[in-house]
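Here is the structure we will look at, set down as structure tokens.
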Amino acid sequence: MESVVSLAKLVLPAQIRRRYDPDAAAYIANVEAADGQSLEQGIKDAITGFVIDCKTTGIWNSIKSCCLLCGARTIAGATVPLKGNAPILTSFVGNYSRENGLVRTGGFFSINRNNNADPQNSKHVAVYPTSIDYGSSDSNFRAIIGSTTSSGSTFITVNSLGLVARANTSTNLVNNQPVFANSLIGISIFNDSQSQLLYNNNLSILNISTTTPVNNDLLLFTGAGVAPSAGRVVFYSVGESLNLQILNNLIKILRQKILRTLSTYSVIDNDALNYIKRVETADDFVLENSVKQAIDNFILGLKNDNTWSAIKASCIMCGARTINGALVPLVGLPPINFNFTHDNSYIRSLGLIGINNGFRFLDSRRRNDEDPQNNSHRAVYKPVASNYLNVFIGTTNTNGHDFIGARGQLSGALMVASRLAVTAANDTPWGFNTGAGLIGIARNNNLNYEVIGAGLTTTISATSLTPSAGNIAIFARPGGGVNSNTDARLSFYSIGEYLNLSTLNSRVATLMTALSNAGI
């Protein structure tokens, strides 16, 4: 008994000290006042742990202006400063997620700290995005944080090819590597000729001379004379020089604790629970309640529709935090990834995008002849309405092949085949390829098969042949050459036995709507 009491005496004071750090306690009280209600104890502990860890690692004093844009219940609470002045929101409109932070939809967000408030040769600026706006083209930069483009300015901008940034200099820091979300992006100046750059969890030292910092406010989501960002940000910090890698690690710990505290949804379906656990393991991150619920409802819906058992190979290529998670199979074997990377080829709410005249596709690892000759379906979901070319899903170009492609010369008509000869493909009515939705074929007899695209359905009369044995690919047709690859964005694929394509379309559409509303 004495040893138990002694242990309690040792542990309890440590817990109390961690829970009630004075700076953390003051910040939590201000957030709760702005929110109008208390935070969960787990959120309080996560914040307190972050503050104490910043002090223990020696970076706390270098942070002069900082907001934790997560954890709080409202935008008002999220914009309470952890350190420094409160940000100035001028006609600002944004969407806030407790798990994933804040995204701008209008107005201005001033950090309310002048760019020249920190020494010329001792400065850091850092942001932690949970989603990134890459712009509409390779040359179209988006500003995540910044002042102006003049000499001595500070900014971080990204596009689909990489990053261009500055801190108290007239020389751009340029890195032509795609920028990933869920990692700190920052610059830290240690002297008049050396700066530290961190992104994609990689730290580099750059020899760049500084100049006198410009006299203007730093802005979040905009600046640098380029288009504002529509990406989501969960944290920013400005101040004197510090170790960016340490700050990056501490934010990741903070986010994990917040996400685990907020992860309260109880998954109903066992198959959904198993899938979610595998995705979280691949992502090395917890999924949000709204995402888990969307997946759970999707699988429950498939079972209610009696379509679940017909699906033999499938991936929900969206919702997960990373491509690794997105390629965890819902059913069947994990696909083989050919050249999809963690750049702008993946958007959580929309899925993966292919490349025309390139070599980017997935091998489903399911053979075309694993499903009976007259009992099969193949389908993909296109989340955005647009014209795309070439093959969405298909097998080798031999007798008994299955594929769905797009005929550019026919203004977006689909070209489809289900267990057909090479020369017996069929063009569906025009317009099938232009709208969002499921694109699929399904056969349950030897005389005809069903086609769906853009919400439209038709039946094509075509006698089936013995199915070919090649593996089924997504975004391409194996052996079809470079011109078979599509530049479509796809968020879901399903391969297996016959099912009702309209019913599957409705279920996937509901899933996509739920993910779109999830703040990811």
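The values are calculated or read from the model by the stated rules, or taken from the named source; none is laboratory data. Because the structure is a prediction, the values reported are computed rather than measured. Cβ placement follows ideal geometry from the backbone for every residue including glycine, while neighbour counts extend to all protein chains displayed.
Within the stretch 310-321, residues that are among the charged types (D, E, K, R) sit with their Cβ atoms under 7 Å from residues that are in a strand (DSSP E or B), at 6+ positions apart or across chains, in these pairs: Lys312/Val331; Lys312/Arg366; Lys312/Ile495; Lys312/Gly496. Within the stretch 390-407, does at least one residue satisfy the condition of being at pLDDT 90 or above, assigned to a strand (DSSP E or B) and of a type in the set (Asp, Glu)? Yes, the stretch 390-407 contains a residue that is at pLDDT 90 or above, assigned to a strand (DSSP E or B) and of a type in the set (Asp, Glu).
Identify, please: which residue in the stretch 307-337 is closer than 17 Å to Leu501 by Cα and of a type outside the set (A, V, I, L, M, F, W, C) and is, among those, surrounded by the fewest Cβ atoms within 10 Å (Cβ to Cβ)? Don't jump to the end; show me each part of the working.
Restricting attention to the stretch 307-337, the residues satisfying the condition of being closer than 17 Å to Leu501 by Cα are 307-316.
Next, from what is left, pick out any that are of a type outside the set (A, V, I, L, M, F, W, C): 307, 309, 312, 314.
Details: Thr307: 21, Ser309: 12, Lys312: 18, Ser314: 21.
The extreme case among them is Ser309.
Of everything in the stretch 216-251 that's at pLDDT below 90 and more than 28 Å from Gly519 (Cβ to Cβ), which residue is surrounded by the most Cβ atoms within 10 Å (Cβ to Cβ)? Of everything passing the filter in the stretch 216-251, Asn216 is surrounded by the most Cβ atoms within 10 Å (Cβ to Cβ). Restricting Gly186, Gly135 to those that are under 27 Å from Leu250 (Cα atoms) and within 26 Å of the chain's Cα centre (by Cα) reduces the list to Gly186. Filtered by the rule that a residue be crowded, with 17+ Cβ neighbours inside 10 Å and in contact with a strand residue (DSSP E or B) (Cβ under 9 Å, 6 or more places away or on another chain), the stretch 23-58 gives Tyr27, Val31, Ile47, Phe50, Cys54. Within the stretch 494-510, the set of residues being in contact with an Asp or Glu (Cβ under 6 Å, 6 or more places away or on another chain) and more than 18 Å from Asn445 (Cβ to Cβ) comprises Thr503 only.
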